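Engineer: I'd like to ask some things about the structure below.
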Amino acid sequence: MSEFFADIKTQTFLQFALATGLLASVACGVIGSFVVARRITYIAGGIAHTVLAGLGAARYCQVTYGWQWFHPLYGAVIAALLAAAVIGTVSLAAHQREDTIIGAVWAVGMAVGILFIFKTPGYNVDLMSYLFGNILIVSRDDLWLIALLDGFIVAVTILFYNRFLAVCFDEEFARIRGVPVERYYLLLLAMTALTVVLLVTVVGIVMVIALLTLPAAVAGHFVKRLSHMMILATVCTALFTLSGIVVSYGPNLPSGATTIVIAGVAYLAVMLFEWLRTFGRSS
Amino acid sequence: MIEEPTGRDGVIPMREEFIATGEAKEKVVEMSDVNFSYNGTPVLRDVTFAVERGDFLSIVGPNAGGKTTLLKLILALLKPSSGSIAVFGESPVMARSRIGYMPQTASLDLQFPVTVNDVVLMGRLGGTGSWGIFGGEDRRAAEEALRRVEMQDFRNRAFSDLSGGQRQRVLIARALVSGPELLLLDEPTSNIDVAVETEFFELLKELNSRMTIVLVTHDLGFVSKYVGRVACVNQKVFIHPTSSISGEMINELYGADVKMVRHDGNLMTRMCNV
């Protein structure tokens, strides 16, 4: 840990990593609270794994056709939004088949990504960083992009907070009150998709769900309003990612996995605390 | 659980507005020849009935008999396979803003992080401001609605911390907060114990002086005591005045789990297996 504090002053990549962690916390805390409260973790997971198809396809085009402008991040955004649109439309139209469709999108997205990566010429280390994230390779441009996304998500959430709340809590009632439920639900999924893409850089595809849900779940134990959950979840995510970076740096551990383990331990601690409290009360 | 119906000669006293006939009242809900099927299975058949302004109508019937479906048709949450529905003389979608709706509490996620006040304010959506940001008027209306159901002291409590009966009161406040002319309640008595039941129906009776009420219930003791008319729903819908049920009959019928009501004539017909 002391190595980290020695290097942080000189190494810009470390400073960028910390900034990424902090900025990502905002989108993660806000959208993660929606995901946990509305119970759409599985949808977020489906979107996350479809991101691999976009990343793989974009990388393939870059290497094979020389489309240097087609940054994998663009591919990821397109794939995530497409997945959100498909899953959202299906879940609005036919509730009973929702999980099957999500499962299909999830696996097919992943398979397409693997095929592209497999056929991309040259030795490929990208796959590992896509799957498990690498917060240490974030560039200045990435930081701007994340900040922009944060701004968008926070602005939309503040503007439509009451409608999102009603749609998430009681869809039918919101519809009766004249809220265009479909539009808000799809907008929520689109924001979830963008957040997922952002988090892929931080913790990777496999662990996106954990970072979306664990901080919000921890926050959920201490609050009684969705807006408070968002704020506390943002703080929790910031703490988890920052401590993940700090702890993993010295022993050269993967920072994404370290972050998730810390978040998981915190969640278990909160659960245990809660259990002890109710146990103490009942005995 | 079920109290003896009171009234002279064991007959439940009639409510005047349902005896008076011939007077043309505004039709609040009008269904004619409505059919509804779900995945090819008929749920409602040839439903024709009307709810008039000031009515207090209870919908009873067996589970999956179509009670909630009937409410959802009125709310335009479902579309009939055939037939026509008019609410306040217009299409049900257009009339939504004049309706207050309380769903079954079982349909809600009780872990959801919202306060009582948050829930009630949802009833103000679609009213003011196109962005759905609440102003002082909305807050005052929410306060007033909570006072109506005597839940004002719970304003800042988490919805998940409430008891079943308290949650139902909050959902009624949410239905009332928009100032509706028609109140639709789905199983409002399912979590209410006998002690507060009377109080609860005093509230509904008071509300009924200003708005039309339609409620779905399985609690027949309540139906016979407070409600003006009963709609028995089991694919088909039959409307009866509750005024002619005798106490003896109810006792007898509860044993058999069957409700008997008087049809238009003198004939007693077994209509609903509840």
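Engineer: Considering only residues of the range A:228-240 that are facing chain B (nearest Cβ under 10 Å) and in contact with a helix residue (DSSP H, G or I) (Cβ under 7 Å, 6 or more places away or on another chain), which is surrounded by the most Cβ atoms within 10 Å (Cβ to Cβ)?
Structural biologist: Once the filter is applied, the top-ranked residue is A:Met229.
Engineer: Let me ask another. Inspect the range B:80-93 for any residue being in contact with a Gly (Cβ under 9 Å, 6 or more places away or on another chain), buried (at least 20 other Cβ atoms within 10 Å of the Cβ) and within 14 Å of another protein chain (Cβ to nearest Cβ) and give the result as yes or no.
Structural biologist: No, because not a single residue in the range B:80-93 is in contact with a Gly (Cβ under 9 Å, 6 or more places away or on another chain), buried (at least 20 other Cβ atoms within 10 Å of the Cβ) and within 14 Å of another protein chain (Cβ to nearest Cβ).
Engineer: Please specify each residue of the range A:97-124 satisfying the condition of being of a type in the set (S, T, N, Q) and over 20 Å from A:Pro72 (Cα atoms).
Structural biologist: Matches in the range A:97-124: A:Thr100 only.
Engineer: Somewhere in the range B:110-128, is a residue open to solvent by 40 Å² or more (accessible area, probe 1.4 Å), closer than 27 Å to A:His221 by Cα and either touching a Pro at 6+ places or on another chain (Cβ under 9 Å) or in contact (Cβ under 8 Å) with a residue 40 or more places away in the chain (or both)?
Structural biologist: Yes, the range B:110-128 has at least one match.
Engineer: Kindly establish whether A:Val197 is away from chain B (no Cβ under 14 Å), more than 23 Å from A:Ile8 (Cβ to Cβ), in a helix (DSSP H, G or I) and modelled with pLDDT under 95.
Structural biologist: yes
Engineer: Name, by its number, the condition in (1) open to solvent by 50 Å² or more (accessible area, probe 1.4 Å); (2) in a helix (DSSP H, G or I); (3) without any contact (Cβ under 8 Å) to a residue 24 or more places away in the chain that does not hold for B:Ser97.
Structural biologist: Failing condition for B:Ser97: (3).
Engineer: Hey, among A:Gly45, A:Gly21, which residue is touching a residue at least 12 places away in the same chain (Cβ under 8 Å), over 30 Å from A:Ile101 (Cα atoms) and of a type in the set (Gly, Ala, Ser)?
Structural biologist: Just one listed residue meets the conditions, A:Gly21.
Engineer: Could you give every pair whose Cβ atoms fall below 6 Å, whose first residue belongs to the range B:171-194 and is without any contact (Cβ under 8 Å) to a residue 12 or more places away in the chain, and whose second residue is open to solvent by less than 10 Å² (accessible area, probe 1.4 Å), counting only separations of at least 6 or pairs across chains?
Structural biologist: none
Engineer: Hey, among A:Ala57, A:Ala76, A:Ala104, which residue is touching a Leu at 6+ places or on another chain (Cβ under 9 Å) and in a helix (DSSP H, G or I)?
Structural biologist: Exactly one of A:Ala57, A:Ala76, A:Ala104 is touching a Leu at 6+ places or on another chain (Cβ under 9 Å) and in a helix (DSSP H, G or I), namely A:Ala76.
Engineer: Follow-up question, since we're still on this one. What is the residue count in the range B:197-217 for residues that are within 17 Å of B:Gly164 (Cα to Cα) and either surrounded by fewer than 17 Cβ atoms within 10 Å (Cβ to Cβ) or without any contact (Cβ under 8 Å) to a residue 12 or more places away in the chain (or both)?
Structural biologist: Counting residues in the range B:197-217 that are within 17 Å of B:Gly164 (Cα to Cα) and either surrounded by fewer than 17 Cβ atoms within 10 Å (Cβ to Cβ) or without any contact (Cβ under 8 Å) to a residue 12 or more places away in the chain (or both) gives 2.
Engineer: Hand me the list of strands (runs of 3 or more DSSP E) wholly inside the range B:143-250 holding 1 or more residues that are in contact with a Cys (Cβ under 9 Å, 6 or more places away or on another chain), away from chain A (no Cβ under 14 Å) and modelled with pLDDT under 85.
Structural biologist: In the range B:143-250, the matching strands (runs of 3 or more DSSP E) lie at B:229-234, B:236-241.
Residue-wise test of (1) in contact (Cβ under 8 Å) with a residue 24 or more places away in the chain; (2) part of a helix (DSSP H, G or I); (3) farther than 22 Å from A:Ala37 by Cα; (4) among the hydroxyl-bearing types (Ser, Thr, Tyr).
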position: A:Leu212; (1), (2), (3), (4): yes, yes, no, no
position: A:His228; (1), (2), (3), (4): no, yes, no, no
position: A:Cys236; (1), (2), (3), (4): yes, yes, no, no
position: A:Val265; (1), (2), (3), (4): no, yes, no, no
position: A:Leu276; (1), (2), (3), (4): no, yes, yes, no
position: A:Gly280; (1), (2), (3), (4): no, yes, yes, no
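Engineer: Here is a further query. Any residue that is open to solvent by 10 Å² or more (accessible area, probe 1.4 Å), at negative phi and within 14 Å of chain A (Cβ to nearest Cβ) - is there at least one of those in the range B:56-70?
Structural biologist: For the range B:56-70, residues open to solvent by 10 Å² or more (accessible area, probe 1.4 Å), at negative phi and within 14 Å of chain A (Cβ to nearest Cβ): present.
Engineer: What is the number of the single condition among (1) at pLDDT 95 or above; (2) buried (at least 24 other Cβ atoms within 10 Å of the Cβ) that A:Leu187 does not meet?
Structural biologist: Here A:Leu187 meets the rest and fails (2).
Engineer: Quick check: anything in the range A:95-110 of a type in the set (A, V, I, L, M) and modelled with pLDDT under 90?
Structural biologist: Taking every residue of the range A:95-110 in turn, at least one turns out to be of a type in the set (A, V, I, L, M) and modelled with pLDDT under 90.
The values are calculated or read from the model by the stated rules, or taken from the named source; none is laboratory data. Predicted model only: the values in this text are computed from it and were never measured. Cβ coordinates were reconstructed from backbone atoms using ideal geometry, including for glycine residues, and neighbour counts include every protein chain displayed. Side chains are part of the model used for accessible areas, which takes the heavy atoms of the whole protein and leaves out ligands, DNA and RNA. Shrake-Rupley method; radii C 1.70, N 1.55, O 1.52, S 1.80 Å.
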